[in-house]
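Following: one structure in structure tokens, then a few remarks.
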Amino acid sequence: MNYIKNGVISLLLVQFLKLSLVSAKLEYTVVVDANKDPSSLNCSEDAFITIMDVSVKSEGYCKSASCIIDNSDHVVLRRLCENSTNCLIYGSNFSSACLLEQRRFDLSYLCEAPISLDCSFESDLLCHWEQGTDDDFDWTRHSGKTHTGNTGPDSDHTTNSKYGFYMYIESSGKDRNDIAQLISKPIVCKHVQCLTFWYHMYGNRIGSLYVYKKNRTQMDIVWERHGNQQNQWREAYMNLYCDEEFQIVIEGKIKDSFQRRLGDIALDDIYLFEGSCENGVKIICTFEDQQACGLNNAFDEPEYLSWTIEQDMATANGPAVDHTIGSENGFFFHLKSLEDSGKGRLESSLITFIGPKCLIIWYYIIGNNANNLTLYQMSIDGKREIMSVHGDTEENWKKSTISVYIALNDKIIIEGSIKQIGSISLDDISLSEGACIGN
Ligand SMILES: [Ca+2]
Ligand SMILES: [Ca+2]
Ligand SMILES: [Ca+2]
């Protein structure tokens, strides 16, 4: 939890988020001819002109290969048009020598309009998302339960009620491996953007949910989940790095099985903002970069054990898959004792990210109820327990949600205690603005 580094930035970004939008762009070309009326460059009301290219047409006296438009004319063009929604270009505006005889050239420009890809699906317009057409079926907008029992959510995520809408893939009547895609408007590239949304994947025969980053030549998987994720809405978040324009494709896929379909996958509350997820609304520790996220082992008592970052512990008394990506390739924090008993303590860095926060932690305890995981908040007034759980017969990833009020320079302490052979694992620890609601 790199609180010190991210704290101030996080608070600023929260303020900034409401204003942060991505852009959609449309490219046009006009022919500018000095011997005719002025040419007009037009964008829609909320879109701004960017000059892309000025190239001399090949016919006439002016040979494109030999005619290079002076830099001063590019400057004039930009001054006349850029950051406006429309402008007029006269041939007489230009002074490049090669344009003197035949003032005729192509001018391509871009209309760039801010759009938001945020969508709660409460309106049937799907915001700036569209149904894919190169797929097998469409996503369905729906409220309340889906039409098939034992799969799908009972309510949407935004309103947590049967009146709120979400999108889902209706699995009944579909063929195995059928896909349905939701595709965003093109996104003008920024260094990094954070995409978050909530998904619901409940049922025995749930297929897969993929997010792709699509550019002109390829589609890359940036996020994926497979199979049953229990009857709850879960949050997905991913950084989208880019060096060119791209679209986001969210794809639901029917399970590769001949059994009756019971795999309704749902989606709600998409949110895209500039900056990385870690610096934005929340601090997230997935351990996928194999960094400890500001959590350090405290060896202040001699018998204390060490937490380590691991993956695929299937054969060594740990989870076979991590929580973030549900894969044997995913990483998590892990504590185990080779002896019968032991304790391991992790301490966060000092937190400067103050105020009411929601702390979420995913844990996996192997062993019986003698094995405990306890969280403390360490403040100037001392140490206070904020969560305590122990192992049970159901070994899987479980979630704990804790509302905390963080004061300046508080620390979070995570203590695992193993008394029976087994282990404790942690993944996807997040700290986000405000008390926990609807988690
Ligand atoms: Ca909704
Ligand atoms: Ca479709
Ligand atoms: Ca992980």
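Just so you know, all these numbers are worked out from the coordinates, no wet-lab data involved. No experiment lies behind these values; they were computed from the predicted model shown. We place every Cβ from the backbone using ideal geometry, glycine too, and count neighbours over all the protein chains shown.
Summarised as an ellipsoid, the range 285-433 has semi-axes of 24, 17, 14 Å, derived from the eigenvalues of the Cα gyration tensor scaled by 5 and square-rooted, with the largest first. Ordering A407, I418, C358 by Cα displacement along the dipole of the range 285-433 toward the positive end leaves A407 in first place; charges were set at the Cβ atoms of Lys, Arg (+1) and Asp, Glu (-1).
In debye, nearest 20, what is the charge dipole magnitude of the chain about its Cα centre with +1 on Lys and Arg Cβ and -1 on Asp and Glu Cβ, if you could check?
Values: 38 positive and 61 negative charges, 75 e Å.
My answer is approximately 360 debye.
Helix 3-17 and the long axis of the chain differ in direction by around 50°, with both axes built from C-alpha atoms.
Equivalent-ellipsoid semi-axes for the chain (Cα gyration tensor, √(5λ), whole Å, largest first): 52, 27, 19. Counting only alpha carbon atoms, the long axis of helix 71-81 and the longest principal axis of the chain meet at about 70°. When H191, H128, H226 are sorted by how many other C-beta atoms sit within 10 angstrom of their C-beta, beginning with the fewest, the order is H191, H226, H128.
Output the pairs from K213/K357; K343/K383; K213/K399; K162/K213; K25/K174; K336/K398 with a Cα-Cα distance over 24 Å in this structure; if there are none, say none. Don't skip to the answer; put the middle values down first.
Values: K213/K357 31 Å; K343/K383 17 Å; K213/K399 29 Å; K162/K213 32 Å; K25/K174 36 Å; K336/K398 18 Å.
Beyond 24 Å: K213/K357; K213/K399; K162/K213; K25/K174.
Summarising the overall dimensions of the range 184-340 from its C-alpha atoms, the Rg and Dmax are 18.5, 58 angstrom.
A Gaussian network model of the chain, with springs between Cα atoms under 10 Å, assigns the largest mean-square fluctuation among S171, S388, S120 to S388. Take the chain, connect every pair of alpha-carbon atoms lying under 10 Å apart with a spring to form a Gaussian network, then pick out the residue of N71, N204, N329 with the largest mean-square fluctuation. Comparing N71, N204, N329 in a Gaussian network model of the chain, the most mobile one is N71. Evaluating kT/(6 pi eta Rh) at 25 °C and 0.890 mPa s, with the Kirkwood radius of the range 116-280 over Cα pairs in the Stokes-Einstein relation, gives 154 µm² s⁻¹. For the range 116-280, the residue among C277, N231, T140 whose Cα projects farthest onto the positive side of the dipole built from Cβ charges is N231.
Restricting the range 217-259 to GluC sites (Glu not before Pro) that sit in a DSSP loop and have at most 16 other Cβ atoms within 10 Å of their own Cβ leaves E244, E245. Excluding same-chain neighbours fewer than eight residues apart, the aspartates and glutamates reachable from K411 by a Cα-Cα span under 17 Å are D300, E347, D381, E385, E433. Legend: calculated FRET efficiency, V76 to Q218, from the Cβ-Cβ distance at R0 = 30 Å, rounded to 0.05, equals 0.20.
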